[in-house]
Amino acid sequence: MSPIVQRTVRTTCPYCGVGCGVLATVTDAGVAIQGDPDHPANFGRLCSKGSALGETLSLDSRLLHPEIGGIRASWDEALDTVAGRFRETIERHGPDSVAFYVSGQLLTEDYYVANKLMKGFIGSANIDTNSRLCMSSTVAGHKRAFGEDLVPGCYEDLERADLVVLVGSNTAWCHPVLFQRLLAARRADPKRRIVCIDPRRTATAESADLHLAIRPGSDVLLFNGLLHYLRHNDRLDFDFIERHTEGYAAALGTARETAPTLPAVAAGCGLAESDVAQFYRLFAATERTVTLWSQGVNQSTSGTDKVNAILNAHLATGRIGKPGAGPFSLTGQPNAMGGREVGGLANQLAAHLDLDDPRHRRQVQAFWRSPRIADRPGHLAVDLFRAIGEGKIRAVWIMATNPAVSLPDANAVRSALSACPFVVVSDCERDTDLARFAHVQLPALAWGEKDGTVTNSERRISRQRAFLGAPGEARPDWWIIAEVARRMGFGAAFGYRSPAEIFAEHVALSGIAGAEKRRFDLSGLQTAYDDLTPTQWPVNAGHPQGTPRLAFDGGSGKLKFVAVRPRLPVNAPDADYPLILNTGRIRDQWHTMTRTGKTPRLTAHIPEPFAEIHPADGERLALADGALARLDSRYGSALARVRFSAGQRPGTVFVPMHWSEGNSRQGLANALVNPAVDPVSGEPEFKHTPVRVAPY
Ligand code: SF4
């Protein structure tokens, strides 16, 4: 007998930044998941993770009641404890002695309320997010070049481009549906080309027409060389440069100086001259070029410079904001961009307004009617946990993320948390690696149970909608934060009754940003919250239906070239730690596996942590393919199963970032990773830690 359908709900996948639309059909036999054929991100497609969402909804392992000290408590007791301890800590040690560490998994409404409480009512900017680990180098690069954190293009550009350059992005595994769209476009027109720039021969590189297995960290050199080449071969758009940009001469001068010849670039990047030349020729000759990048660019101590080196090449050719042409950052998380919109980073304000601009601060404070407003940046993620370890931050509230697994130098993060006088964790899961450090645990609603919005990599805002009831005593994150705010004495500003009310406030605040000639503007949004269809901002009087591409017509100030110099990664390999560790995702797991680890279908793909190494390195180190190996860095150790792969660049080893002590014996990759960060963005250098590998 077929299952009885109760209802079908239109929602959005909670995993990657592609932001695919999902139809969730609740039946008496469970929840059936399909791609939403009408959603413009995926047109009905789903990847392995998205299509298995229905298998991840069990309540096993869920946190269903508040707990204080590991003992079940009432909501009143838990919320009073959190509010009381935060208030006391602020009274005794000042507002900068407390912090929130939040997440690109939060919905925009949750993020908005958390940011408002910390910056406007507590009066500190100590709210940072795991998006710092993901795309903050891109945010910083965008701000330097565009004056605002803007992704100029849209997914359709990938299908209209004649050349797509993928830099530091295993799109095939990490953003699978977008990669399927890209491959389908090439099948439709085989003249289209894909270039992949990545030290590893990933699944993405396998599908590319040209793979440049670049030396880790040498991207700025490659793109400075490209700028020099384009000028030398007279392929620049001087009309665009003249009318819309500034800083060209300095950027070109630095490119010429640092990337003087093609052989010098090829040697510095560890590439064959012929491959570099082929890439440069293709780029020079192809007007409709999209350069897309992801964490291989961002997660670097020169991540911001890498972003600007890419942007320089697009500004110099005028290939920006045009159909099939532009630079494109792919965000990792489902709502990394939504968090950016509400200012959920320690160096942002809200609605793309600037923390360091007194007028912007006054505007936001007046809008919030708040007693104070943070007036200087707070601690950025890595630094925030260091400040906890040093006793500067004495109360921290961690929401929807697990820094005990996902931050670099994870053992130091754990030590810091164990010494912190007060740790609050709001999460869906009960027994995470983080939970053992929590003084109070607050049960949050999970995907399928909560309502709100997310923004994907192409600025498209979509609804997540509930199709399941709230289990146990779990509550929406926005409600939990607002209740704590109320108990801290800020009730008048946090009396929200629904996410729709919070979103309406966010929209209204964006109108101020729009008046400031910020592109981020939702003031023209007319649709009722419940009926909101996927829409790309800005949405205003000029673009009431949203905006697929941002045109750069000089109306919002000149675009800026940034002169960038190649820099080596901070920690170089040496005799003790001779290999370079690179970490990343695998196809069928998400973050710390709390959801994807629940389904055998997904765990069957790769069931345990592995260390991928070139066979020549493996044999030299007496490793056996398939045997266990121990990896050591200056920061910690981990075990993984050896995989020989000729696609691994000699001298490097790749380990996935998903496993932790909670789901494997000793597979915590981030115990190994160095905590060096980009000096501009604060993003950690996950892709370059010196390690040694030995048989276990
Ligand atoms: Fe979800 Fe990303 Fe897969 Fe789409 S591509 S179904 S958003 S994980």
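Before moving on, here are some points about what is shown:
- Exposure proxy order (Cβ contacts within 10 Å, fewest to most) of His175, His228: His228, His175
- Protection proxy ranking of 648-660, 594-606 - average other beta-carbon atoms within 10 Å, highest first: 648-660, 594-606
- Ranking of Phe552, Phe422 by count of other Cβ atoms within 10 Å, fewest first: Phe422, Phe552
- Reachable lysines from Lys558, criterion Cα separation under 22 angstrom, eight or more residues apart if same chain: Lys143, Lys306, Lys322, Lys517
- Of all DSSP beta bridges in the chain, antiparallel share, percent nearest 5: 50
- Bridging of Lys598 to lysines at a Cα separation below 21 Å is possible for Lys49, Lys450, once same-chain residues fewer than 8 apart are set aside.
- Charge context of Arg45, other residues only, Cβ under 10 angstrom, K/R +1, D/E -1: 0
- In terms of surrounding Cβ atoms within a 10 Å radius of their Cβ, Tyr112, Tyr529 rank from fewest to most as Tyr529, Tyr112.
- Relative to the current alpha-carbon distance between Asp189 and Glu77, full extension at 0.36 nm per residue lengthens the span by 34.1 nm.
- For the chain, a crude dipole built from +1 on the beta carbon of Lys and Arg and -1 on the beta carbon of Asp and Glu, taken about the Cα centre, is about 520 debye to the nearest 20.
- Counted charge near Leu380, where neighbours are those whose Cβ lies closer than 11 Å (Asp, Glu -1; Lys, Arg +1): -2
- Pairwise centroid distance, computed over Cα atoms, of the stretch 533-554 with the stretch 244-261, Å: 32
- Considering only Leu631, Ile481, Val165, the residue lying farthest towards the positive end of the dipole of the chain is Val165, judged by Cα position with unit charges set on Cβ.
- For the chain, the average shadow cast by the Cα convex hull is 28.7 nm², which is a quarter of the hull's surface.
- Student exercise, the stretch 294-381 dipole from Lys, Arg, Asp, Glu Cβ charges, in Debye to nearest 20: 200
- Charge dipole (the stretch 579-695, unit charges on Cβ, about Cα centre) - positive-most of Leu668, Pro684, Gln589: Gln589
- Here the peptides 260-268, 670-678 are ranked by packing, the mean other Cβ count within 10 Å, and the order with the highest first is 670-678, 260-268.
- Principal semi-axes of the equivalent ellipsoid, √(5λ) from the alpha carbon gyration tensor of the stretch 227-363, are 31, 18, 16 Å from largest down.
- Charge tally for Ser137 (other residues, Cβ to Cβ under 12 Å; Lys, Arg +1; Asp, Glu -1): -1.
- The calculated FRET efficiency for the pair Arg620 and Ala419, based on their C-beta separation and a Förster distance of 41 Å, comes to about 0.50.
- For the chain, the 222 nm mean residue ellipticity estimated from helices alone, with every DSSP H stretch of n ≥ 4 adding -39500 (n - 2.57) and the total spread over all residues, rounds to -9000 deg cm²/dmol.
- The trypsin sites (Lys or Arg not before Pro) of the stretch 464-521 meeting both criteria, a DSSP state outside H, G, I, E and B (loop) and at most 11 other C-beta atoms within 10 angstrom of the site's C-beta, are Arg497.
- The label point for Arg497 and the one for Glu473, both projected 7 Å from the Cα toward the Cβ, are 2.4 nm apart.
- Using R0 = 45 Å, the C-beta based FRET efficiency linking Glu242 and Asp530 works out to 0.40.
- Placing +1 on the Cβ of every Lys and Arg and -1 on the Cβ of every Asp and Glu, with nothing else charged, gives the stretch 136-334 a dipole about its Cα centre of roughly 320 debye.
- Label separation (Glu287 vs Arg256): 2.8 nm, computed from points 7 Å beyond Cα along the C-beta direction.
- Placing unit charges on the Cβ atoms of the charged side chains and taking the dipole of the chain about its Cα centre, the candidate lying farthest along the positive direction among Thr432, Ala419, Gly50 is Gly50.
Read-outs throughout are calculated quantities, based only on the coordinates presented, and are distinct from any laboratory measurement. It should be emphasised that the depicted structure is a prediction, and the values quoted were computed from it without experimental measurement. For neighbour counting, all protein chains shown are included, and Cβ atoms are generated from backbone atoms with ideal geometry for every residue, glycine included.
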